Amino acid sequence: MAQTWHSHLDEADWEALCDGCGKCCMHKFEDEDTGEILRTNVACKLFEQATCRCTKYEQRFEQVPECLDIRKLSDTEMLWLPETCAYRLTFEGKSLPSWHPLNSGKSQSVNKAGHSMSGLSVSELDIPEDEIVDYILTS
Ligand code: SF4
Ligand code: SF4
C-alpha cells in the first residue's frame, strides 16, 4: 500500500491525535469566488454540546453522509479542516500546540485555550437550514 501522511499512526495514535475541539462538526461554507472556508457554530445533529463529541461515533458515516473520513480526504480537502486541527497540522508537517492534550496531558487544556466548541454551538436541529449562513463566524 502507498505511504500516506498518516501511515505511521496506528488506531490508538490516530484517535489520540483528535483534540476533541469539535470544530470539524460545525457546518461550513466555501466561498465560490475565493475558495475561503467560512465556518459557523451550527453543529451537526449528532454533536453533543456537553461532551463536545459525536453521540454516534461508530455509526457516524452511515447516519451523516456529509461526515467525512479524514483518512480518505484529498490534499485539497485536508485544508477544509480547521487550522488548529491536529490532523491538519500533522498533514502539514507542523507541531501540535502546547494546549493539545498530547502535550498538556489534560483534555481540559483545549477548552482553557479557547479552542473548544463546547457550549458555543447551536444544533442544526434547532434552526432552519436556510438560516445556517447567518451563523458564519467572523473570528
Ligand atoms: S477539528 Fe480535528 S482535532 Fe478538532 S475535533 Fe475535529 S478532527 Fe478532532
Ligand atoms: S456525524 Fe459525528 S463526527 Fe460527523 S460531523 Fe456529525 S457529530 Fe461530528
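Would you list 5, 14, 80 from the most to the least accessible area, probe 1.4 Å?
Reading off the accessible areas and sorting them downward yields 80, 5, 14.
Given a 1.4 Å probe and the protein chains all in place, what does the accessible area of residue 58 round to, in Å² to the nearest 10?
140
Over all directions, how big on average is the projection of the convex hull of the alpha-carbon atoms in the stretch 1-85, in square nanometres?
Convex hull of Cα atoms, orientation-averaged projection: 6.7 nm².
Want the number for residue 49 to residue 15: 0.36 nm per residue separation, take away the alpha-carbon distance, what's left?
10.3 nm
How much area per residue is accessible in the chain when the probe is 1.4 Å and only protein heavy atoms are counted (Å²)?
That works out to 65 Å² for each residue.
Relative contact order for the stretch 4-139 using alpha-carbon pairs under 8 Å, separation at least 6, rounded to a whole percent?
36
How big, in percent, is the set of alpha carbon pairs in the stretch 40-133 lying more than 17 Å apart?
61
Go ahead and set up a Gaussian network model of the chain, Cα springs under 10 Å, then flag whichever of 39, 71, 53 fluctuates most.
Its mean-square fluctuation being the largest, the pick is 71.
With a 1.4 Å probe and all protein chains in place, put 122, 110 in order of accessible area, largest first.
Descending accessible area places them as 122, 110.
Suppose accessible area is computed on protein heavy atoms with a 1.4 Å probe; arrange 64, 133 from highest to lowest.
Largest accessible area first, the list is 133, 64.
Taking all protein chains as present, what is the carbon and sulfur share of the accessible area of the stretch 11-135, in % to the nearest whole number, probe 1.4 Å?
After summing per-atom areas, the C and S share lands at 49 percent.
Tell me, what is the FRET efficiency for residue 138 and residue 77 to the nearest 0.05, using R0 = 25 angstrom and their Cβ-Cβ distance as r?
0.55
How far apart, in nanometres, would the label points at residue 122 and residue 37 be if each is projected 7 angstrom from Cα along the Cα-to-Cβ direction?
Between residue 122 and residue 37, the label points sit 2.3 nm apart.
Under the rule of -39500 (n - 2.57) per DSSP H run of 4 or more residues, summed and divided by the residues of the chain, what mean residue ellipticity at 222 nm is obtained, to the nearest 500 deg cm²/dmol?
It comes out at -4000 deg cm²/dmol, rounded to the nearest 500.
Please build a GNM for the chain, connecting alpha carbons under 10 Å apart, and tell me which residue among 43, 113, 12 fluctuates the most.
12
Using protein chains only and a probe of 1.4 angstrom, how many square angstrom of residue 4 are accessible, to the nearest 10?
That residue has around 60 Å² of solvent-accessible surface.
The values are calculated or read from the model by the stated rules, or taken from the named source; none is laboratory data. Not measured: the values here are computed from a predicted model. Cβ: placed from backbone, ideal geometry, glycine included. Neighbour counts: every protein chain shown. Areas reflect the complete protein model, heavy atoms only, side chains present, ligands, DNA and RNA absent. Shrake-Rupley method; radii C 1.70, N 1.55, O 1.52, S 1.80 Å.
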